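Values in this text are rule-based calculations from the coordinates and carry no lab data. Note that this is a predicted model, so its numbers are computed, not measured. Virtual Cβ from ideal backbone geometry, glycine too; neighbours counted across all protein chains shown.
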């Protein structure tokens, strides 16, 4: 619901490409920063690089072998094992989207929670909420209207910029339009999105369910 969404997003403030980059620079080691910039150069954003290349099955997590293969295909010339250890700093055995782009993961979570709360599923939310013209596709303006109407991100400072980041993350083809399939990977009915389940509490190394 909107109260849970607000709790998740209360410290986001501005959500745009510059703020995403600045928030990472404040905490990430140099190897991670270089890798993140490589993802941005090749794919336009970190989350697009994640969904298109690192995690094309869109499960929300990748193993060491998957990571090594994907990074080598990118032509990365740094120390892959060192990069892995920096990213998987909670020793979960997986790298998840939150370890590369925690802000976008939180946007995904809040958007999904809104869809499930009001419509029961991602497909239903798209067909009856996002796709206002009932054409089977939705523009960024329709996504913005949905997020406004259902208060998906009540505490962000600039909703238009936030929705633009979310829209670009979903629009993997770059067509400028979304379909129901664009957001289907977030639907818990399919059981594919496992990213949040593998966030670990560093103090006790217990998975957060």
Kindly provide log₁₀ I(q)/I(0) values, in the same order as q = 0.13, 0.14 Å⁻¹, from the Debye equation applied to equal alpha-carbon scatterers of segment 66-123. -0.50, -0.55
The computed P(r) of segment 25-79 puts the percent of Cα pairs beyond 16 Å at 42
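Send over the Kirkwood Rh of segment 21-156, from the inverse of the averaged 1/r over different Cα pairs, rounded to one decimal Å. Before the final figure, lay out each step's value.
Numbers: mean 1/r = 0.0605 Å⁻¹.
With all distinct Cα pairs of segment 21-156 included, I get 16.5 Å.
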Fewest Cβ neighbours within 10 Å first, please rank 62, 80 accordingly. 80, 62
Gained length - residue 161 relative to residue 117, 0.36 nm times residue gap less alpha-carbon distance: 13.5 nm
Expressed in angstrom, Rg and Dmax over the Cα atoms of segment 107-186 are 11.2, 31
